[in-house]
Amino acid sequence: MASLEELRDTRIQKIEKLKAAGMDPYTADSFRTHTIAEASTVFDTLSTSGESVTLAGRVLAIRGQGGLLFFNFTDGTGTFQGMVKKEALDETLLALFVDTVDNADFIEVTGTLIVTKTGQQTILIQTWRMLTKALAPLPDKWHGLQDQEERFRKRYLDILTDPAIRELFEKKSKFWDVTRTFMKECGFMEVETPTLEVTTGGAEANPFKTHHKDFDIDVYLRISVGELWQKRLMAAGFPKTFEIGRVYRNEGSSPEHTQEFTNMEFYWAYANYEDGMNLVQDLYRTIATEVFGTTKFTTRGHTFDFAEEWPRVDYADEVLKRTGINVFESTEEEMKAKLDELGVSYEGESRERLMDTLWKYCRKQISGPAFLVHHPVLVSPLSKVLASDPRKTERFQPLIAGSEVGNGFSELNDPIDQRARFELQQKLIERGEEEAMMPEWEFVEMLEHGMPPTCGFGFGERLFAFMVDKPIREIQLFPLMRPKDSTPKKKETMIAAALINVNAGLLKWQEMNTVAHLNAAFGARVGRELFSKDVILSQDEQKINLNIKNAIMIRAADSAKVLREVALKAKEEGLQVDEFTREMLETTNDKKITEITAAKPFEEIEYLGVLVYGPKEAVEEIVKEFPLFS
């Protein structure tokens, strides 16, 4: 069997044959009179009249030999059979066809429509020309692209050779068409909001960051479809808006998560979460019926029917029922102990993250359809508080197959409450919670001008993935792939070095206090990336958290002057630097420390310690002259 390189060389030689015969192998136009779908529709009329037609498409297969050839070709609207017969085609064109046409080529053919002895609709070729000469063949008809990575990289071939994949994406297109039509028929106006934001809003997620050269500012790719912008439109007087668009989240991948995907969000003035649930139930049923022709689905091992009644599942009640944990009253230690008992790993140890992990464990057992309602305030920073229980919110999420496939609220329109919740989110950010929501103070200012009662809701292509029971990357036309010729970058080894001024006359406890403060500041500044989730076990299986992944060394410096110089040099090289001065040791009053420091020139500030963090080689170069602390 010839190699791909040999096949390519042969096809290049055929290009030269075409040129020698005066035929352009890469034309800029086509003169087809009908698409294949149109020709099939009016086949009887055209074949009876004997009228010549011109069709065009990609050759899929050629069979036969000598003076009689059959080939199949497609133009995206359908597939048709062509016949090359010695008696019907000029001898020169026949020879050129036999010598130069291969599968994957795009050709244009003119002829009459006939029915073969086997009953196949066919075009009998009178003349033809090459439109595009392909240098590479198509995948084997029966096996297609077997390697998953290759399927994603060469999606164009995957679609061409597998009708089921093509049908999948046609359904996905219809999925969004039905959504758009439904929203417009319900009186919602389609809008466009920014995809580049100074502050991300509308979700708890880690954003992609880039730089705006003209404004010289850092900006983020949006993590929601304009939630805070669409709410501004409610304040502006638009009663109903929606947007369908791309969002970006710089997070891990899973069968339900990817970094770039399509979402729809709507906002409805003078409506609440009860109104939202009624609308969403109708929307999902409409999508199911019009796109799939059924309301019954089986996915991820669950079976559900959108036509059934959708029960309400209370967040706290469900967690209590399935785990025995009261998310409002149980301590963080009790939550962690329960998660450990269940064998569930958790990211972060904040109350918010722990209760969210407990819920994720519970949801896997719910087939749906149902609405998860009344989430705790702590995990719902943009939702109104439930009047009957201020610990809960007027929030809802559709549940199917053990997952949420949408998110909605009675939107928070109290600027004082919103400011307080953003302040809490700011504290979570300072503690290293990467997915905490960035405060948006201009949004709070908008609320101070007044926003009507509003229901907001959003869902994404995850819903479609669940309806077709496929991982989310499978239902994306071109999922992001690592370049084939690249290898993952080896992560740089990072270390921290703390330098202590051993000639500052410190007592041992003061030296330890200095190290402790430097490490605490370091941990708060670097955040979550400093910590790992690894757990090690003793012989009797007692768990010990292995929670630091970067080495920290402690070294001795002989003066405050030296520490000041180290701090300046490390900052110039872009390393992380934390400092501890005499004033910080003597008082915890930040205002007093600020005032005393501001009254002194830099060279008079007595440094007791400096911590430098960054790539191992850079940090070691800066501290190599200092001995280990003892």
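May I ask you to verify whether Pro415 is surrounded by fewer than 20 Cβ atoms within 10 Å (Cβ to Cβ) and either farther than 21 Å from Met264 by Cα or of a type outside the set (Gly, Ala, Ser) (or both)? Answer is yes for this residue.
Selection of first residues in the range 202-225 that are in the same structural domain as Gly406 (by TED's automatic domain parsing) and over 23 Å from Asn263 (Cβ atoms) and of second residues that are buried (at least 19 other Cβ atoms within 10 Å of the Cβ) and β-branched (Val, Ile, Thr), restricted to Cβ pairs under 6 Å at least 6 apart or on distinct chains, gives the following pairs, ordered by first then second residue: His212/Val219.
Can Gln120 be described as surrounded by 15 or more Cβ atoms within 10 Å (Cβ to Cβ) and farther than 23 Å from Glu16 by Cα?
Details: surrounded by 15 or more Cβ atoms within 10 Å (Cβ to Cβ): no; farther than 23 Å from Glu16 by Cα: yes.
The answer is no for Gln120.
Tell me the residue from Arg419, Arg363, Arg395 that is of a type outside the set (Asp, Glu) and out of contact with any Ser or Thr (no Cβ under 8 Å at 6 or more places or on another chain), please. That would be Arg419, the only listed residue that is of a type outside the set (Asp, Glu) and out of contact with any Ser or Thr (no Cβ under 8 Å at 6 or more places or on another chain).
Here Leu124 meets the list (1) aliphatic (A, V, I, L, M); (2) in the same structural domain as Gly406 (by TED's automatic domain parsing); (3) out of contact with any helix residue (DSSP H, G or I) (no Cβ under 8 Å at 6 or more places or on another chain) almost entirely, failing just condition (2). Residues that are farther than 27 Å from Val219 by Cβ, of a type in the set (Val, Ile, Thr) and out of contact with any Phe, Trp or Tyr (no Cβ under 8 Å at 6 or more places or on another chain): does the range 405-415 have at least one? Scanning the range 405-415 turns up no residue that is farther than 27 Å from Val219 by Cβ, of a type in the set (Val, Ile, Thr) and out of contact with any Phe, Trp or Tyr (no Cβ under 8 Å at 6 or more places or on another chain). When the range 213-250 is filtered for residues that are in contact with a Phe, Trp or Tyr (Cβ under 9 Å, 6 or more places away or on another chain), among the hydrophobic types (A, V, I, L, M, F, W, C) and assigned to a strand (DSSP E or B), the ones remaining, listed by number, are Leu221, Phe242, Ile244, Val247.
Would you point out which residue out of Glu621, Glu625, Glu617, Glu595 is more than 21 Å from Trp509 (Cα to Cα) and either of a type in the set (Gly, Ala, Ser) or in a loop (DSSP other than H, G, I, E, B) (or both)?
Numbers: Glu621 fails: either of a type in the set (Gly, Ala, Ser) or in a loop (DSSP other than H, G, I, E, B) (or both); Glu617 fails: either of a type in the set (Gly, Ala, Ser) or in a loop (DSSP other than H, G, I, E, B) (or both); Glu595 fails: either of a type in the set (Gly, Ala, Ser) or in a loop (DSSP other than H, G, I, E, B) (or both).
One residue alone meets the criteria, Glu625.
Identification of strands (runs of 3 or more DSSP E) wholly contained in the range 1-85 with 1 or more residues that are touching a strand residue (DSSP E or B) at 6+ places or on another chain (Cβ under 7 Å) and farther than 17 Å from Thr116 by Cβ yields 53-65, 68-74. Whether a residue is within 24 Å of the chain's Cα centre (by Cα), surrounded by 20 or more Cβ atoms within 10 Å (Cβ to Cβ) and part of a helix (DSSP H, G or I) was assessed, and Leu354 passes this test.
The values are calculated or read from the model by the stated rules, or taken from the named source; none is laboratory data. What you are looking at is a predicted structure, and each value in this text was computed from that prediction instead of being measured. With ideal geometry, Cβ positions are generated from the backbone for all residues, glycine too; neighbour counts draw on all protein chains shown.
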